[in-house]
1. Can you name the condition, by its number, that Q189 falls short on among (1) open to solvent by 20 Å² or more (accessible area, probe 1.4 Å); (2) closer than 22 Å to D98 by Cα; (3) in contact with a Lys or Arg (Cβ under 7 Å, 6 or more places away or on another chain)?
2. With the structure loaded, tell me whether L69 is modelled with pLDDT of 55 or more and either open to solvent by 80 Å² or more (accessible area, probe 1.4 Å) or in contact with a strand residue (DSSP E or B) (Cβ under 7 Å, 6 or more places away or on another chain) (or both) or whether it fails that test.
3. Say whether the condition of being more than 28 Å from I207 (Cα to Cα) and open to solvent by 60 Å² or more (accessible area, probe 1.4 Å) is met by at least one residue in segment 118-135.
4. Looking at V170, is it closer than 15 Å to V142 by Cα, open to solvent by 60 Å² or more (accessible area, probe 1.4 Å) and either in contact with a strand residue (DSSP E or B) (Cβ under 7 Å, 6 or more places away or on another chain) or part of a loop (DSSP other than H, G, I, E, B) (or both)?
5. Within the group Y158, Y85, Y133, Y95, which residue is of a type in the set (F, W, Y) and not in a strand (DSSP E or B)?
Amino acid sequence: MSSSAHDDQQLDFESPQVPTVPLVPRGSSKSDDSHHWPPFQRTIPVIHTKPPRKRRSCCCRFLCWTLSLVFLLILLVGAAAGILYLVFQPELPKYSIDRLQITQFNLTSNSSLTATFDVTITARNPNKKVGVYYEGGSRISVWYTGTSLCQGSLPRFYQGHRNTTVLDVVLSGQTEDANTLITSLQQQQQQTGIIPLNLRVIQPVRIKLGEFKLMEVKFRVRCRLDVDNLAANNAINIRNSSCKFRFTI
């Protein structure tokens, strides 16, 4: 064999060896692709729920219903009152003190004052469609500087539409330890020539609107009287007279 042939055989024998490093990474199979894909994960949609409402307590619901009913009742009463006012157009009664006569005003030996007044009162009802029932249980009194001199009551009667009624009322009373009171009256008359008196009336009435009689209310009348003297069996001049009126349930 020639030297060239021998060299070829030696070259073939000393050809590069196959690398021993594995082509597939450890932990993976040969069937895997050359690229590593992440494992498939199923996405679950997130549902946003509203926060649960707080349940109202029974007490809160009851309070809301009660307030609603009260408010509705106020609206109904106001609407009814407005309709009645437009239909009947009510006006307040008018009062005046026309005459005052003193039949007794004596200081007894035991320092008590006995007084009897005859008072003439004129009551006017200016309403066209409103009548007034004057009920029992009234009280009328005459006062001087916080001291009641005499008391009485008004009679029961019905006052119709646009009616004027004149009432003669007798008032009587007795005041104990009246020496200071008499002295004050005398000084008042000497200094000013006027004795201020207050006449107060509390009168239960029922208002009649058409054919309907309403619930009972109370008229309260206060009249200021300026007289020249309080001598018994003497002409009493009323220098000034003014009355204020209001009513309560």
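1. All conditions pass for Q189, except number (3).
2. Yes, satisfied.
3. No: segment 118-135 contains no residue that is more than 28 Å from I207 (Cα to Cα) and open to solvent by 60 Å² or more (accessible area, probe 1.4 Å).
4. Yes, satisfied.
5. On the way: Y158 fails: not in a strand (DSSP E or B); Y133 fails: not in a strand (DSSP E or B); Y95 fails: not in a strand (DSSP E or B).
Only one candidate qualifies: Y85.
The values are calculated or read from the model by the stated rules, or taken from the named source; none is laboratory data. As the structure is a computational prediction, the values presented were derived from the model and not from experiment. Counting neighbours? That spans all protein chains shown, and the Cβs are built from the backbone with ideal geometry, glycine included. With ligands, DNA and RNA removed, areas are computed over all heavy atoms of the protein, side chains included. Shrake-Rupley method; radii C 1.70, N 1.55, O 1.52, S 1.80 Å.
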